[in-house]
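The values are calculated or read from the model by the stated rules, or taken from the named source; none is laboratory data. Nothing here was measured: the structure is a model prediction, and the numbers come from that model. When we count neighbours, we look across all protein chains shown, and the Cβ atoms used for this are built from the backbone with ideal geometry, even at glycine. SASA here: full protein model, heavy atoms, side chains in, ligands and nucleic acids out. Shrake-Rupley method; radii C 1.70, N 1.55, O 1.52, S 1.80 Å.
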Amino acid sequence: MTLEARVLSGPALEARLDEVAALRMTVFREWPYLYEGSMDYERAYLATYRTSPDAVLVGAFDGERLVGAATGTPMEDHAEDFAAAFASTGIPLREIFYCAESVLLPAWRGRGMGHRFFDLREDHARRLGRRYSAFCSVIRSEDHPLRPARARSNEPFWRGRGYRPMPGIIASFSWTDVGEDRETKKPLQFWIREL
């Protein structure tokens with residue numbers, strides 16, 4: 001198995017969005033997102049990447065097979081979802097690049113792709129003149145009934161890359177959890193670093 005990161009934008013990005021949707025539905029079904037997923041939801045969610053000229057997709061490829069993906073856009077492309085969370089920070093949305101998801105199938109993990117995902121999105125953000133890079137992670141309770149006994153946090157990895165949680169900067173986003181029949185709002189903690 002080979003693993004190569006490629007940066008896609010414009011038509012090349014758009015051509016891979018259904019594959020990104022399938023990856024999201026597979027990987028985010030796992031803890032802590034527990035995302036039930038549907039292609040209709042995915043297509044609506046990923047529409048931003050079709051319409052934002054500054055969106056980026058970092059694809060993890062084994063040959064021509066997309067086995068992982070990380071996306072990002074200028075934060076103002078997500079203003080409807082996240083502007084309220086940032087209102088009290090004094091940081092203009094136009095200074096922030098939003099690193100949305102990073103998903104990688106299990107067989108290709110542990111080979112440094114997580115770093116490549118961040119490196120290439122952060123490089124893209126710098127080219128756009130952004131001052132900050134940010135992302136958010138779902139907050140789940142320690143006693144959640146679906147928490148695996150050996151659940152592992154990504155916080156050491158994020159901190160090692162220079163990201164820090166933003167105290168009190170919490171967004172909410174709705175999706176349907178595995179085994180549920182309706183969407184519910186989930187709290188999402190924002191993390192940020194200066195580029």
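For region 95-191, max minus min Cα coordinate along each principal axis, in Å, sorted largest first?
42, 32, 23
Tell me, what is the per residue accessible area of the chain in Å², probe radius 1.4 Å?
That works out to 51 Å² for each residue.
Just how large is the dipole of the chain about the Cα centre, in debye to the nearest 20, putting +1 at every Lys and Arg Cβ and -1 at every Asp and Glu Cβ?
720
Calculated FRET efficiency, Glu30 and Arg94, Cβ-Cβ r, R0 35 Å, to nearest 0.05?
It comes out at approximately 0.55.
Need one number: % antiparallel among DSSP beta bridges in the chain, to the nearest 5.
90
Give the Kirkwood hydrodynamic radius (Å, one decimal) of region 52-157, defined as one over the mean of 1/r across all pairs of different Cα atoms. Numbers along the way, then the final one.
Details: mean 1/r = 0.0646 Å⁻¹.
Evaluated on region 52-157, it is 15.5 Å.
Give the average over all directions of the projected area of the C-alpha convex hull of the chain, one decimal, in nm².
10.9
How much length is gained if the chain between His115 and Arg50 is pulled fully straight, taking 0.36 nm per residue apart and subtracting their Cα-Cα distance, in nm to one decimal?
Numbers: separation 65, 0.36 × 65 = 23.40 nm, distance 2.49 nm.
So the extension gain works out to 20.9 nm.
Treating only the Cβ of Lys, Arg, Asp and Glu as charged (+1, +1, -1, -1), what charge dipole size does region 1-111 show about its Cα centre? Round to the nearest 20 debye. Present the calculation step by step, with values, prior to reporting the outcome.
Details: 10 positive and 17 negative charges, 67 e Å.
With only Lys, Arg, Asp and Glu charged at Cβ, the dipole is about 320 debye.
What order, most packed first, do the peptides 100-112, 152-164 have when packing is the mean number of other Cβ atoms within 10 Å of each residue? Walk me through the numbers on the way to the answer.
Details: 100-112: 15.6, 152-164: 12.8.
The densest-packed peptide leads the list: 100-112, 152-164.
At a probe radius of 1.4 Å, what is the per-residue accessible area of Leu120, in Å² to the nearest 10?
30
Using only the alpha carbons, work out the radius of gyration and Dmax of region 1-73 in angstrom.
12.2, 34
Starting from the Cα of Glu180, move 7 Å in the Cα-to-Cβ direction to define the label point; list residues of region 112-153 whose amide nitrogen is under 18 Å from there.
Residues 137-148 qualify, since their backbone N sits under 18 Å from the label point.
Among Thr51, Trp158, Pro32, pick out the residue whose Cα is farthest towards the positive end of the charge dipole of the chain, where Lys and Arg carry +1 and Asp and Glu carry -1 on C-beta, about the Cα centre.
After comparing all options, I get Trp158.
Evaluate the charge dipole of region 60-107 about its Cα centre and quote only its size in Debye, nearest 20, assuming +1 on the Cβ of each Lys and Arg and -1 on the Cβ of each Asp and Glu. Write down the numbers at each step before the final one.
Details: 2 positive and 8 negative charges, 23 e Å.
Dipole size: approximately 120 debye.
Compute the distribution of all C-alpha to C-alpha distances in region 58-109, in bins of 5 Å from 0, and list the percent of pairs in each, rounded to whole numbers.
5, 19, 22, 14, 12, 10, 11, 6, 2, 0
Ranked highest first by the average count of other Cβ atoms within 10 Å around their residues, in what order do 38-49, 123-134 fall? Present the calculation step by step, with values, prior to reporting the outcome.
Values: 38-49: 15.2, 123-134: 17.8.
Per-residue Cβ counts within 10 Å, averaged per peptide and sorted highest first, yield 123-134, 38-49.
Keeping the other protein chains in place, figure out the carbon and sulfur percent of the accessible area of the chain, with a 1.4 Å probe.
Solvent-exposed carbon and sulfur of the chain make up 50 percent of the total.
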